[in-house]
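Trainee: Structure in structure tokens, see below.
The values are calculated or read from the model by the stated rules, or taken from the named source; none is laboratory data. Small disclaimer: the values here were computed from a predicted structure and weren't measured. In this analysis, Cβ positions are derived from the backbone assuming ideal geometry, glycine residues included, and neighbour counts consider all displayed protein chains. Remember, those area values only see protein heavy atoms, side chains included, never the ligands or the DNA or RNA. Shrake-Rupley method; radii C 1.70, N 1.55, O 1.52, S 1.80 Å.
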Amino acid sequence: MQWCIPVFLDEEIVHQYYNGYCNNILWPLFHYLGLPQEDRLATTRSFQSQFAAYKKANQMFADVVNMHYEEGDVVWCHDYHLMYLPECLKNHNNNMKVGWFLHTPFPSSEIHRTLPSRSELLRSVLAADLVGFHTYDYARHFVSACTRILGIEGTPEGVEDQGRLTRVAAFPIGIDSLRFQNALLVPQVQEHIKELKERFSGRKVMLGVDRLDMIKGIPQKILAFEKFLEENPNWRDKVVLLQIAVPTRTDVPEYQKLTSQVHEIVGRINGRFGSLTAVPIHHLDRSLDFHALCALYAVTDVALVTSLRDGMNLVSYEFVACQEAKKGVLILSEFAGAAQSLGAGAILVNPWNITEVAASIAQALNMSAEEREKRHQHNFHHVTKHTAQEWAEMFVSELNDTVVEAQLRTSKEPPELPQNDAVERYLLSGNRLLILGFNSTLTEPVDTSGNRSDQIREKNPNLHPELKEHLTALCNDKKTTIVVLSGSKSEVLDKNFAEYDMWLAAENGMFLRHTKGDWMTTMPEHLNMEWVDSLKHVFEYFTERTPRSEFEIRTTSLVWNYKYADVEFGRLQARDMLQHLWTGPISNASVDVVQGSRSVEVRPVGVTKGAAIDRILGEIVHNTSMTTPIDYVLCVGHFLGKDEDVYTFFEPELPSDVNMAKCKPIDAPKLPTEKKAPSKLPATKSGPKSSQTKTPKPSPAPDKRTGNNHSGGSSRRASPEKVKEKEKMAWSVLDLKGDNYFSCAVGRKRTSARYLLGSSDDVVSFLSRLAKGT
């Protein structure tokens with residue numbers, strides 16, 4: 001059943017939404033005309049009210065859709081008027097199938113970023129499951145805008161944000177070609193074709209059909225025709241240009257000015273090259289009915305489309321569909337979307353270059369019949385095959401497939417942390433271990449609206465202000481041991497956690513201290529760091545040549561961060577850096593290269609949070625004289641993929657050999673390229689939910705160094721007898737059942753953790769519940 005449901009907008013909303021934000025802001029911007037210039041101050045003041053009306057109108061559309069929506073329906077939103085609609089629909093029903101298609105160009109990110117509501121509109125569109133454009137260029141611009149403005153990842157399939165993929169693709173629209181072909185057989189059209197042939201007998205007919213609009217390039221077209229007549233006097237009495245200019249927005253001063261300009265140019269050219277009996281240009285300020293237009297297409301020798309910027313321009317398609325007999329030539333602007341579909345058969349031109357367009361007119365009029373046939377057949381095949389029906393079916397089919405793929409992808413994602421269960425089991429346990437990441441886990445959120453990252457604030461992360469009271473309560477609980485495990489330097493952890501009764505593990509667990517004691521190292525005795533000096537100059541080289549990138553030297557690693565650099569340039573530089581590293585300084589070094597979303601880190605083989613936790617746990621047991629086995633573990637963090645072995649270290653349901661492989665201590669490499677580690681004491685387990693006892697093997701008495709200077713000072717290592725003593729004390733450190741282990745990734749949906757939390761605010765909320773229970 002086909003039916004239409006109206007959405008009623010009041011007059012003020014229509015004025016602010018349609019005439020204001022849509023036609024005065026978005027339409028010019030998307031066609032590269034920029035934001036309104038006539039009264040910048042007044043326009044700036046009106047942005048807020050117009051955008052509010054735009055959102056309100058979109059919500060009104062959403063309300064009507066929600067009233068009539070039935071399970072399984074497909075919602076297809078069209079054009080820049082409804083960019084906010086996908087988010088409105090998804091907020092109401094996240095399972096709704098929503099697609100959005102833009103019928104205009106989408107500008108480059110440098111143009112789009114001038115829009116005050118740039119981020120909000122992009123995020124609203126990204127709520128859709130499938131986003132479609134006429135051409136690949138427009139799709140590429142959209143993905144680039146999301147990457148540069150929102151700072152989220154662009155992929156070959158679309159845009160991915162926190163594990164959710166919005167598919168972005170090109171779907172060139174078509175026409176109902178059969179309707180035009182059948183129209184040519186209508187007697188009324190046949191009669192009209194005969195009249196036109198008689199009227200323009202002995203003259204070649206050139207045709208332009210456009211809305212009278214700034215982007216259609218009508219003045220440029222007429223000036224190019226004038227240039228052609230100047231350079232080809234022999235054609236002056238043999239060619240006529242028929243220009244149909246359909247009036248639009250006649251109440252807008254800019255359009256009135258354009259109309260006067262076109263009339264003036266036409267009058268001048270007709271006066272210059274015309275005669276009493278014939279003029280070179282016939283200009284009509286009105287539209288033609290369908291049959292009259294088809295007849296005009298059929299008698300045309302050369303169609304001239306000179307759009308300065310056009311989403312698609314289907315006039316070129318309509319012309320081709322009506323040219324099976326005549327096989328005329330299409331001159332097409334390279335700035336029209338149709339150029340990517342019909343470019344092979346058309347003559348492509350830059351409409352701003354009137355000399356080039358004039359030369360193309362001469363080429364078209366003098367083209368041989370054989371070449372005209374080849375060009376026409378190429379375009380005719382495309383127009384008749386890629387119809388409007390096929391376009392619609394392809395988009396809806398792709399939308400359905402995208403939703404199915406998203407459901408499969410989502411089913412593989414870990415669920416959200418079951419907080420009630422986690423709190424209940426926490427309260428029932430006798431000895432708890434909380435391992436908490438720091439960055440993006442316990443830190444205060446930094447406002448990055450509009451993707452203007454505050455580099456200074458983010459370089460100096462601070463503990464979330466709402467966490468301090470709850471953290472104090474948890475640290476004061478005698479049944480709870482807290483370890484903050486971070487890649488940050490010890491100075492950063494000291495600054496934020498010195499006042500709490502907890503353990504701090506800096507630089508991925510290579511340095512450890514209780515807040516009441518001194519820093520010690522858990523690094524293996526023979527850890528090879530000779531590669532550092534040879535890598536420094538590579539990191540310095542790329543830091544100097546990548547604006548806003550940073551290079552950090554840590555005791556056990558080198559880190560290059562390009563989070564604040566231009567996203568695309570940063571990626572290119574990172575790719576170049578990796579190539580330099582792999583083919584040069586690290587080719588024979590026993591190191592790992594760890595790639596973050598916008599960072600490159602080089603560290604010794606086996607230096608991960610999971611590998612360090614084994615030695616950290618042994619040291620904690622030794623120093624605290626822990627006698628009661630740990631029967632509850634919470635591990636929460638925003639860790640790199642390389643460091644997610646910390647989640648699997650405590651996993652009671654993994655086979656023992658997996659635990660051993662994931663969490664063994666580091667040994668000194670035997671050869672420069674060898675990456676070998678000793679085995680770990682086996683874990684025992686008796687079934688998927690059974691209790692598991694692990695015996696972590698502490699490091700051979702880590703070095704203890706007072707203060708925070710890890711690079712200097714004397715070091716002592718414990719005797720073998722001392723090591724055995726620690727191992728004996730740690731023999732029953734873990735007695736963990738599967739239901740009492742909660743590993744949780746913060747802000748990462750692709751993870752080996754059991755559960756998810758969205759942000760540091762969610763971590764604060766959960767830890768506050770634990771503290772209150774305590």
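Trainee: Between residues in segment 94-109 that are more than 16 Å from CYS77 (Cβ to Cβ) and residues that are open to solvent by less than 10 Å² (accessible area, probe 1.4 Å), which pairs lie under 6 Å by C-beta distance while being six or more apart or on different chains?
Mentor: Final answer for the pair search is PRO105/PHE30; PRO105/GLY311; PRO107/PHE30; SER109/ALA145.
Trainee: Inspect segment 96-108 for any residue being open to solvent by 40 Å² or more (accessible area, probe 1.4 Å) and under 21 Å from the mean Cα position of the chain (by Cα) and give the result as yes or no. Before you say what the answer is, go through the steps one by one.
Mentor: Kept after step one, since they are open to solvent by 40 Å² or more (accessible area, probe 1.4 Å), are these residues of segment 96-108: 97, 103.
If we keep only those that are under 21 Å from the mean Cα position of the chain (by Cα) too, we end up with 97, 103.
Yes, because at least one residue in segment 96-108 is open to solvent by 40 Å² or more (accessible area, probe 1.4 Å) and under 21 Å from the mean Cα position of the chain (by Cα).
Trainee: Specify the residue that is farthest from ALA392 (Cα to Cα); the eligible residues are those in segment 113-130 that are modelled with pLDDT of 95 or more and assigned to a loop (DSSP other than H, G, I, E, B).
Mentor: Out of the qualifying residues, it is ALA127.
Trainee: All but one of (1) in contact with a Gly (Cβ under 7 Å, 6 or more places away or on another chain); (2) open to solvent by 60 Å² or more (accessible area, probe 1.4 Å) hold for ASP251, so report the exception by its number.
Mentor: Of everything listed in (1) in contact with a Gly (Cβ under 7 Å, 6 or more places away or on another chain); (2) open to solvent by 60 Å² or more (accessible area, probe 1.4 Å), ASP251 misses just condition (1).
Residue by residue, here is whether (1) in a loop (DSSP other than H, G, I, E, B); (2) free of Cβ contacts under 8 Å to residues at least 60 places away in the same chain; (3) open to solvent by less than 20 Å² (accessible area, probe 1.4 Å) holds:
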{"position": "SER534", "(1), (2), (3)": "no, yes, no"}
{"position": "PHE542", "(1), (2), (3)": "no, yes, yes"}
{"position": "PRO547", "(1), (2), (3)": "yes, yes, no"}
{"position": "PHE551", "(1), (2), (3)": "no, yes, no"}
{"position": "THR555", "(1), (2), (3)": "yes, no, no"}
{"position": "TYR564", "(1), (2), (3)": "yes, no, no"}
{"position": "GLU568", "(1), (2), (3)": "no, no, no"}
{"position": "GLN573", "(1), (2), (3)": "no, yes, no"}
{"position": "ASP576", "(1), (2), (3)": "no, yes, no"}
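Trainee: Also, quick follow-up: For ASP213, indicate whether it is open to solvent by less than 80 Å² (accessible area, probe 1.4 Å) and in contact (Cβ under 8 Å) with a residue 40 or more places away in the chain.
Mentor: Numbers: open to solvent by less than 80 Å² (accessible area, probe 1.4 Å): yes; in contact (Cβ under 8 Å) with a residue 40 or more places away in the chain: yes.
So ASP213 fits the description; yes.
Trainee: I've got another one for you. Hey, does segment 57-65 have a residue that's modelled with pLDDT under 90 and not assigned by the TED database to the domain that holds PRO253?
Mentor: Quick first cut of segment 57-65, residues modelled with pLDDT under 90 only: none.
Checked against the condition, which is being modelled with pLDDT under 90 and not assigned by the TED database to the domain that holds PRO253, segment 57-65 yields no hits at all.
Trainee: I've got another one for you. Return the residue satisfying two criteria in turn: it lies in segment 600-622 and is open to solvent by 20 Å² or more (accessible area, probe 1.4 Å) and of a type outside the set (Val, Ile, Thr), and of such residues it is nearest to GLY437 (Cα to Cα). Reasoning before the result, please.
Mentor: Start the filter on segment 600-622 by keeping residues that are open to solvent by 20 Å² or more (accessible area, probe 1.4 Å), which leaves 605-606, 622.
With the extra rule that they be of a type outside the set (Val, Ile, Thr), the set shrinks to 606, 622.
Working: GLY606: 19, HIS622: 23 Å.
The selected residue is GLY606.
Trainee: A follow-up question, please. Which condition number does GLU398 fail, the rest of (1) within 21 Å of the chain's Cα centre (by Cα); (2) closer than 30 Å to TYR755 by Cα; (3) charged (D, E, K, R) being met?
Mentor: Unmet for GLU398, out of (1) within 21 Å of the chain's Cα centre (by Cα); (2) closer than 30 Å to TYR755 by Cα; (3) charged (D, E, K, R): (2).
Trainee: I'd like to know if segment 153-168 contains one or more residues that are within 30 Å of ALA321 (Cβ to Cβ) and within 16 Å of the chain's Cα centre (by Cα).
Mentor: Of the residues in segment 153-168, the ones within 30 Å of ALA321 (Cβ to Cβ) are 168.
Subset that is within 16 Å of the chain's Cα centre (by Cα): 168.
Yes, the conditions are met somewhere in segment 153-168.
Trainee: Next question. Scanning segment 504-528 for residues that are hydrophobic (A, V, I, L, M, F, W, C), in contact with a strand residue (DSSP E or B) (Cβ under 7 Å, 6 or more places away or on another chain) and assigned to a loop (DSSP other than H, G, I, E, B), which turns out farthest from GLY618 (Cα to Cα)? First the steps, then the outcome.
Mentor: Taking segment 504-528 and keeping what is hydrophobic (A, V, I, L, M, F, W, C), we get 504-506, 510-512, 519-520, 523, 527.
From what's left, in contact with a strand residue (DSSP E or B) (Cβ under 7 Å, 6 or more places away or on another chain): 504-505, 510-512, 519-520, 527.
Right, trim to assigned to a loop (DSSP other than H, G, I, E, B) and you get 510, 527.
Working: MET510: 13, LEU527: 19 Å.
The extreme case among them is LEU527.
Yes/no per residue for (1) in the same structural domain as PHE106 (by the TED database); (2) in contact with a strand residue (DSSP E or B) (Cβ under 6 Å, 6 or more places away or on another chain); (3) not β-branched (Val, Ile, Thr):
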| site | (1), (2), (3) |
| --- | --- |
| SER124 | yes, no, yes |
| TYR136 | yes, yes, yes |
| ARG140 | yes, no, yes |
| ALA145 | yes, no, yes |
| ARG148 | yes, no, yes |
| GLN181 | no, no, yes |
| ARG199 | no, no, yes |
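Trainee: Considering only residues that are of a type in the set (Gly, Ala, Ser) and either in a helix (DSSP H, G or I) or more than 22 Å from LEU365 (Cβ to Cβ) (or both), which ones fall in segment 182-225?
Mentor: Step one: filter segment 182-225 for residues of a type in the set (Gly, Ala, Ser), giving 183, 201-202, 208, 217, 224.
Matches in segment 182-225: ALA183, ALA224.
Trainee: For GLU373, state whether it is touching a residue at least 24 places away in the same chain (Cβ under 8 Å) and open to solvent by 50 Å² or more (accessible area, probe 1.4 Å).
Mentor: Numbers: touching a residue at least 24 places away in the same chain (Cβ under 8 Å): yes; open to solvent by 50 Å² or more (accessible area, probe 1.4 Å): yes.
Taking the combined requirement at face value, the residue satisfies it.
Trainee: Name the residue that is surrounded by the fewest Cβ atoms within 10 Å (Cβ to Cβ), counting only residues in segment 131-180 that are part of a helix (DSSP H, G or I) and aromatic (Phe, Trp, Tyr).
Mentor: Here is the first cut: in segment 131-180, the ones part of a helix (DSSP H, G or I) are 136-150, 177-180.
With aromatic (Phe, Trp, Tyr) added as a condition, the list becomes 136, 138, 142, 180.
Numbers: TYR136: 12, TYR138: 23, PHE142: 25, PHE180: 24.
This residue is TYR136.
Trainee: Inspect all residues belonging to segment 110-120 and state whether any of them is crowded, with 17+ Cβ neighbours inside 10 Å, basic (Lys, Arg) and in contact (Cβ under 8 Å) with a residue 60 or more places away in the chain.
Mentor: yes
Trainee: Okay, moving on. Quick one: in segment 339-359, which of the residues that are open to solvent by less than 50 Å² (accessible area, probe 1.4 Å) and free of Cβ contacts under 8 Å to residues at least 40 places away in the same chain is nearest to TYR136 (Cα to Cα)?
Mentor: Result: ALA339.
Trainee: Of all the residues that make up segment 475-487, how many are more than 19 Å from HIS622 (Cα to Cα), crowded, with 22+ Cβ neighbours inside 10 Å and either touching a strand residue (DSSP E or B) at 6+ places or on another chain (Cβ under 6 Å) or not polar (S, T, N, Q) (or both)?
Mentor: Qualifying residue count for the region: 1.
Trainee: Is it the case that GLU393 is without any contact (Cβ under 8 Å) to a residue 24 or more places away in the chain and either open to solvent by less than 50 Å² (accessible area, probe 1.4 Å) or outside the structural domain of PRO219 (by the TED database) (or both)?
Mentor: Taking the combined requirement at face value, the residue satisfies it.
Trainee: From the list SER287, SER307, SER316, which residue is within 30 Å of PHE380 (Cβ to Cβ), in contact with a strand residue (DSSP E or B) (Cβ under 8 Å, 6 or more places away or on another chain), among the polar types (S, T, N, Q) and modelled with pLDDT under 95? Step through it out loud before you land on a result.
Mentor: Values: SER307 fails: modelled with pLDDT under 95; SER316 fails: modelled with pLDDT under 95.
Within the list SER287, SER307, SER316, the selection yields SER287.
Trainee: What do you reckon, is GLU334 open to solvent by 20 Å² or more (accessible area, probe 1.4 Å), in contact with a strand residue (DSSP E or B) (Cβ under 9 Å, 6 or more places away or on another chain) and of a type in the set (D, E, K, R)? Give the derivation first.
Mentor: Details: open to solvent by 20 Å² or more (accessible area, probe 1.4 Å): yes; in contact with a strand residue (DSSP E or B) (Cβ under 9 Å, 6 or more places away or on another chain): yes; of a type in the set (D, E, K, R): yes.
Yes, satisfied.
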